[in-house]
Structures are given as structure tokens and as C-alpha cells.
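As C-alpha cells, the structure follows; a few thoughts come after it.
The values are calculated or read from the model by the stated rules, or taken from the named source; none is laboratory data. What you are looking at is a predicted structure, and each value in this text was computed from that prediction instead of being measured. Neighbour counts run over all protein chains shown; Cβ positions are idealised from the backbone, glycine included.
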């Protein structure tokens, strides 16, 4: 399922949401060296992914450095990691993507749902909320795979926090959704509660069915990061949000 738009207009222009999208695009286009155009990321410099993505093993083993060998294997423990650089990787990972499809999908979700969540709390609070959601996502992924040596990257953990917050604020919002059915597709208008609820249950199921070490060592989707970010949004949105869109359910009303 891919969201196309929702029916909740914003009262204020989503400056931070737009800036985050631009920064993610700039990072992918200009800061991630490539050997060619590849929608799935095959043209990316793998050493740079090791540098910008966060590696759970380095976080849980302070001072231990992981590097990519010419054989394609990852070796850890022989070098000494810069502790400052290591602890910055959960932040740099939020702006690093594995391919154009990865980047495009994340930015689509961020634009559709982020503008309303930013509108509910203002730009400064939204920046803090977004970054903390990303850290919460990284934290849960590390908890389920502390010895993972594969770099985790992408904005999806932080965006999952935005989705969780949106669900609390606008559960009855309508999300125009592109749904693929094998070789066919259709467009449906789903309540946000259904769309985001299905998305979250998918992350839980895939996370439970796929061991953390399998995902970590073989690549794939960091499902537990999505769960961690989403849970953060669900639980903390009322701490950050101060208002709802005046179009959400009639007259302007407080969040809670």
C-alpha cells in the first residue's frame, strides 16, 4: 500500500518537513558517492554506507570498529573506532538511503503525514520529536540485534514516529491509498486508523517472523526500528503536540 494524500489540510506551511525532504535528497544525490544510477542502491559506495549508517555492534561494543573487506564480508574488532563518530551515526543514518526507491518511499510518507504532525506542534518541537523518534527506532533495533554488523540507514524509523503521532491525532482522517493486488492495482480511501494500523501490524509480524540476526547479516528491512519509532510517536505525541488542524473534526479543539 502506498499513500497518495490525506484529507487534513494544514494551517501553517510545513517548513521543517520540506527542509527534511530536501536534506535527505541532497545527502543521497551529493554526499553518497555512486558508481552509477541504481534504483535499488547497487551503485552506491558500500564503504560510505558503513561510514554513514549506524552499526549496532559498534554501539554495543564501544571502541570496536567494523570495516568492509574486499570479499564483501564485514570484520569488526581489529581497529579502534572514533567514539564521537560512532555515536553520531544514528543521526547521519537518518539522512542516508540505500537507493532511489528507498529514498522516494520514505519521502512520500514524510510529506503526506509529516506536514500535519508538524502543524500540530510547530517547527522547533517537530525537529526534536523527529530526531528523538529516530533515536528510539535505532534503540529498539539495537536491542533486537546488538551484535549486528550491517549498517542501518534510512529515515523510516523517524518517519515511523511521525506515523504514530498522526494516528493519535487524526485516526479518522481519510488516506487515499494505492493498493497493489498481485498484477492489478486499485485506489481506495482508507481511514488513517486502518491504513496505519495495517502498516504497524505488518512491521510487528515481519519483525517477529524474521530474526534480528538474519536481517542484520543478510540485509533487509529494519522492522524493529519501525516498531520503535512508531511506539515513540504513539506514546509521546501528546507531550509535543499543542493543537490539531481546524479541519480535523469541525471547530478547532485541543489535542487532548
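Entry remark, region 94-134: residues being touching a strand residue (DSSP E or B) at 6+ places or on another chain (Cβ under 8 Å), surrounded by 22 or more Cβ atoms within 10 Å (Cβ to Cβ) and modelled with pLDDT under 95 number 0 in total.
I'd like to know if region 2-25 contains one or more residues that are farther than 30 Å from residue 177 by Cα and either in contact with a strand residue (DSSP E or B) (Cβ under 7 Å, 6 or more places away or on another chain) or modelled with pLDDT of 85 or more (or both). No: zero hits. Within region 145-195, the set of residues being touching a strand residue (DSSP E or B) at 6+ places or on another chain (Cβ under 8 Å) and within 23 Å of residue 87 (Cα to Cα) comprises 149, 150, 151, 152, 153. Summed over region 5-26, the residues that are exposed (fewer than 15 other Cβ atoms within 10 Å of the Cβ), touching a residue at least 40 places away in the same chain (Cβ under 8 Å) and under 18 Å from the mean Cα position of the chain (by Cα) give a count of 1.
On the given criteria, is residue 208 part of a helix (DSSP H, G or I) and closer than 18 Å to residue 56 by Cβ? Answer is no for this residue.
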